[in-house]
Amino acid sequence: MVKEIIIRSFSVKKRHFIGNTSMDAGLSFIMANHGKVKANDLVFDPFVGTGSLLVACSHFGCYVFGTDIDYNTIHGIGKASRKNQKWRGPDENIRANLRQYNTEKSYIDVLVSDASKSIWVPKMLFDAIITDPPYGIRESTRKIGCQREAAKSNEEWCGENHIPASMAYHLSDIFIDLLNFAAKHLVMGGRLVYWLPVYRPEYKEEIIPQHPCLKLISNCEQILSSHTSRRLITMEKQKEFEAEDELAHLIDSKFNPYQGHNSFREKYFSGLTKKIAKQVTNTSKMQD
């Protein structure tokens, strides 16, 4: 009963600052529990959005920190996600969400940053990394890069007059980067908790991305539709990161059998289109 009251009080419907993909309060607390977060832990979300996961973790006394590539979301500006509200107000931001639940003391900061390009020094360590990467459905999968395929390194195109471009960030690359980041920046025994979107007809346990430094703890399913779902993946750091571990997915395919790319979006809408077409056909037959 107490848990139900807490979840209701943290309902996104009552949240000061929300977005199109704000995580449900109940799921946010489940993720925090999977991460074994506790008082004085340092918890990081590299795809922070409107900070729903930070809100849940701060309830347990964690210090919370996040990054996101979306400037408008991080700064709480632009179009509002609420019905009958055109623009976000001057105090609609992640800090205000924590203030709403009296946990602002746990808030460190949020930064605009590209998850594909780590900004952290090697000694920056987190007790837990809890996140919900974009799937390309309601939020696009983007990273900063260069459209010139001939560019072999950042140094070739990141000149004085270079204007960064937004590029597609394939799902398989997102999870390679996420697992490598967790292997580098989690404390020993720290946990990575994240959602992995899958196309159900093709799902096998073997497609879950692996990493030589991380042990798979749990794999739970939330069904999204008849043909898609997402898996709540929990991993624990069991080995210190070494340089060769970053290339494990290239050397040994077992470490990254997940090849979602952007096909998840295509398959998601393909199934949706077929469902609508079937409903239209059935309606037509009934009318006839």
Scanning the range 196-221 residue by residue, those surrounded by fewer than 18 Cβ atoms within 10 Å (Cβ to Cβ), touching a Lys or Arg at 6+ places or on another chain (Cβ under 9 Å) and either within 18 Å of D114 (Cα to Cα) or among the hydrophobic types (A, V, I, L, M, F, W, C) (or both) turn out to be I217, C220
Restricting the range 12-59 to residues that are under 23 Å from Y135 (Cα atoms) and among the hydroxyl-bearing types (S, T, Y), the one surrounded by the fewest Cβ atoms within 10 Å (Cβ to Cβ) turns out to be T21
Taking the range 191-216 and keeping only residues that are in contact with a helix residue (DSSP H, G or I) (Cβ under 8 Å, 6 or more places away or on another chain) and assigned to a strand (DSSP E or B), one is left with R191, L192, V193, Y194, L196, P197, V198, Y199, H211, L214
Residue hits (the range 47-76; on the phi < 0 side of the Ramachandran plot and either in a strand (DSSP E or B) or in contact with a Phe, Trp or Tyr (Cβ under 8 Å, 6 or more places away or on another chain) (or both)) are T50, L54, V55, A56, S58, H59, Y63, V64, F65, G66, T67, D68
If we ask which residues in the range 88-136 are over 13 Å from T67 (Cβ atoms), in a loop (DSSP other than H, G, I, E, B), among the small types (G, A, S) and under 16 Å from the mean Cα position of the chain (by Cα), their number turns out to be 1
Inside the range 123-164, the number of residues satisfying the requirement of being modelled with pLDDT of 55 or more, more than 28 Å from S28 (Cβ to Cβ) and of a type in the set (K, R) is 2
Condition set under 16 Å from the mean Cα position of the chain (by Cα) and hydrophobic (A, V, I, L, M, F, W, C), scope the range 179-203, selection nearest to K239 (Cα to Cα): answer is A182
Checked the range 114-124 for anything in contact with a helix residue (DSSP H, G or I) (Cβ under 8 Å, 6 or more places away or on another chain) and farther than 19 Å from F47 by Cβ; matches are P122
Sole miss for R95 among (1) of a type in the set (D, E, K, R); (2) at pLDDT 95 or above; (3) closer than 23 Å to L178 by Cα is condition (3)
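The values are calculated or read from the model by the stated rules, or taken from the named source; none is laboratory data. All of these numbers come straight from a predicted model, not from anything done at the bench. Note that each Cβ is placed from the backbone with ideal geometry, even for glycine, and that neighbours are counted across all protein chains shown.
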